[in-house]
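The values are calculated or read from the model by the stated rules, or taken from the named source; none is laboratory data. Note that the structure is a prediction, hence the values are computed from the model and not measured. No Cβ is skipped: glycine too gets one built from the backbone with ideal geometry, and neighbour counts run over all protein chains shown. The area values use the complete protein model at the heavy-atom level, side chains included, leaving out ligands, DNA and RNA. Shrake-Rupley method; radii C 1.70, N 1.55, O 1.52, S 1.80 Å.
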Amino acid sequence: MKLMISLHIKATTMAAHLELEKIVVLKLEAIRSEVNYAGLLGYFYSYFSALEKAIAPFINETVLPDFAQRRKSERLKTDLVELGGSSESLPQPKLPEISSTAQALGALYVMEGSIMGGSVIVQMLAKHGICKGVSFFSGYGPETGKMWKAFQDALEAYSDDPEAASALTASALATFSRFSEFFGEPQHAVT
């Protein structure tokens, strides 16, 4: 069945996803200035850039043909700098174990899935007059749906191997959980 593994991951990680979403939404609702937003972006950048480095050895164009075109944490850094923030002295996250392609894809599932809520984040920020520093959350623009579908298709290559599918799902769950733990820490303004 098409997209079976992504549906399985979605069902398995639903509670962890909702927990992370609740934490992030509360932090977004508290933003009233670009300085507040820069602080939040610092946490996103710290987590995503560390995760990106951890998955890099296991993901290439053979695994994910459009990997080079996927959004990168550098966009978060650019957004952070645009707001007058800095990527220096950020807290370091504790990451899930990533020692295989399947685990890397599980972590990437969380990263890529975050684009689906990006437009909601951009709208929430705009309500408070924050309209710059949103390139990361803007995802792939009109190509967002197409890019998500292509990622889901890449996951299917791992659904035939039960061990890999299990590792992929466990990694996605651990990625959500570690992100929630990291976001649950007190935030400091990033200036």
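Some observations on this one:
- Some residue of segment 53-68 being within 17 Å of residue 139 (Cα to Cα) and without any contact (Cβ under 8 Å) to a residue 24 or more places away in the chain: yes
- Residues located in segment 1-35, provided they are within 23 Å of residue 126 (Cα to Cα) and of a type in the set (Gly, Ala, Ser): 30, 33
- Test: residue in segment 89-96 that is assigned to a loop (DSSP other than H, G, I, E, B), out of contact with any Cys (no Cβ under 6 Å at 6 or more places or on another chain) and free of Cβ contacts under 8 Å to residues at least 40 places away in the same chain: yes
- Tally of residues being open to solvent by 30 Å² or more (accessible area, probe 1.4 Å) and more than 14 Å from the chain's Cα centre (by Cα) across segment 99-146: 19
- Test: residue 104 is in contact with a Phe, Trp or Tyr (Cβ under 9 Å, 6 or more places away or on another chain) and either closer than 27 Å to residue 149 by Cα or in a helix (DSSP H, G or I) (or both): yes
- Identity of the residue in segment 60-75, assigned to a loop (DSSP other than H, G, I, E, B) and surrounded by 19 or more Cβ atoms within 10 Å (Cβ to Cβ), that ends up modelled with the highest pLDDT: 64
So that you can scan it fast, the table gives a plain yes or no per residue for (1) on the phi < 0 side of the Ramachandran plot; (2) at pLDDT 90 or above; (3) assigned to a loop (DSSP other than H, G, I, E, B); (4) in contact with a His (Cβ under 6 Å, 6 or more places away or on another chain):
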| residue | (1), (2), (3), (4) |
| --- | --- |
| 135 | yes, yes, yes, no |
| 148 | yes, yes, no, no |
| 155 | yes, yes, no, no |
| 159 | yes, no, yes, no |
| 169 | yes, yes, no, no |
| 174 | yes, yes, no, no |
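- Any chance residue 124 is farther than 18 Å from residue 79 by Cα and either modelled with pLDDT of 90 or more or part of a helix (DSSP H, G or I) (or both): no
- Note on segment 147-179: among residues that are within 17 Å of the chain's Cα centre (by Cα) and of a type in the set (D, E, K, R), the one that is nearest to residue 59 (Cα to Cα) is 149.
- Matching residues, segment 23-34, being more than 15 Å from the chain's Cα centre (by Cα), part of a helix (DSSP H, G or I) and exposed (fewer than 15 other Cβ atoms within 10 Å of the Cβ): 26, 29
- Filtering 139, 85 for residues that are in contact with a helix residue (DSSP H, G or I) (Cβ under 6 Å, 6 or more places away or on another chain) and at positive phi leaves a single hit, 139.
- Taking the criterion of being surrounded by 17 or more Cβ atoms within 10 Å (Cβ to Cβ) and within 21 Å of residue 176 (Cβ to Cβ), the residues of segment 76-92 that qualify are 76, 90.
- For segment 36-48, a tally of residues being farther than 20 Å from residue 123 by Cβ and open to solvent by 10 Å² or more (accessible area, probe 1.4 Å) returns 1.
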